[in-house]
Amino acid sequence: MRSNLVKKIGWTLLIALVAIQFYRPELNTAEPGHLDVFLEETNPPEEVREILSGACYDCHSNQTTYPWYSQVAPVSYWLADHIDHGKGNLNFSEWSGYPADRKDHKLEEIVEEVKSGEMPLNSYTWAHSEARLSETERQALVAWADRTRALYTLNARPE
Ligand code: HEC
């Protein structure tokens, strides 16, 4: 009796898991060059470029690199939600559309989030060990963001 019930539950779960695979969230993919404006304006040194692409762009740009398991529902839903949320707060691919004071503010938040260890998200570094930042990497990222703010604070100043 009991094992029958367990079997039934098992089959139901399996069928549900297969069924949700047919509903795929839209993938986050962009044309090449989507980061050109951001990179040209803020001119990050090579080390910082690598940190940004290895640890931030997946959730903060229009292009995510998807590992195989991220395509499997329900992980795919969970991830799509993170990307939506991350991009809504900060999207490097849309840098050209931000006014100077917003750019300045985003860089200020990068400093805060990275210093406090909030970013990149733990749930991400758990699966992407290469995105775990060393102290030196954190400092390089923070130094670049801090320095680049000057560019926008100066520009934002009224004539
Ligand atoms: C797995 C996805 C993910 C990764 C990777 C990630 N973030 Fe985030 N980020 C988010 C989400 C989601 C938010 C929205 C706030 C929250 O829910 O914590 C956020 C918020 C932020 C904010 C706050 C923006 C605002 O206006 O409030 C900054 C700044 C930020 N992230 C910077 C970074 C940097 C820099 C990196 C790389 C070192 C990074 N993030 C990596 C998902 C991510």
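Nothing in this text is a laboratory measurement; each read-out follows from the coordinates by a stated rule. These numbers were taken from a predicted model, which means no experiment stands behind them. With ideal geometry, Cβ positions are generated from the backbone for all residues, glycine too; neighbour counts draw on all protein chains shown.
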Exercise for the section: Would you mind checking the tilt of helix 75-89 against the longest principal axis of the Cα atoms of the chain, expressed as 0 to 90 degrees and rounded to 10? Expected result: 20 degrees
Handout entry: Difference of contour (0.36 nm per residue) and Cα-Cα distance, R2 to E46
Key = 9.7 nm
Completion exercise
Rounded to the nearest 500, the 222 nm mean residue ellipticity computed for the chain from DSSP H runs (n ≥ 4, each -39500 (n - 2.57)) alone is -19500 deg cm²/dmol
Practice task
Could you tell me how many degrees, from 0 to 90 and to the nearest 10, lie between the Cα long axis of helix 100-115 and the main elongation axis, the longest principal axis, of the Cα atoms of the chain?
Solution key: 60 degrees
Exercise for the section: Give the order of S76, S96, S129 when sorted by the count of other beta carbons within 10 angstrom, beginning with the fewest. Expected result: S129, S96, S76
Completion exercise
So the FRET efficiency between E130 and Y23, C-beta based with R0 = 22 Å and rounded to 0.05, is 0.15
Problem - the stretch 6-114: equivalent-ellipsoid semi-axes (sqrt of 5 x gyration tensor eigenvalues, Cα, Å) - result: 36, 13, 12
Practice task
Pick out, from Y152, M119, S53, the residue whose Cα sits farthest towards the positive end of the charge dipole of the stretch 27-156, with +1 on the Cβ of Lys and Arg and -1 on the Cβ of Asp and Glu.
Solution key: M119
Fill in the blank from the handout: Scoring only Lys, Arg, Asp and Glu (+1, +1, -1, -1) among other residues with Cβ under 15 Å from the Cβ of L35 yields -4
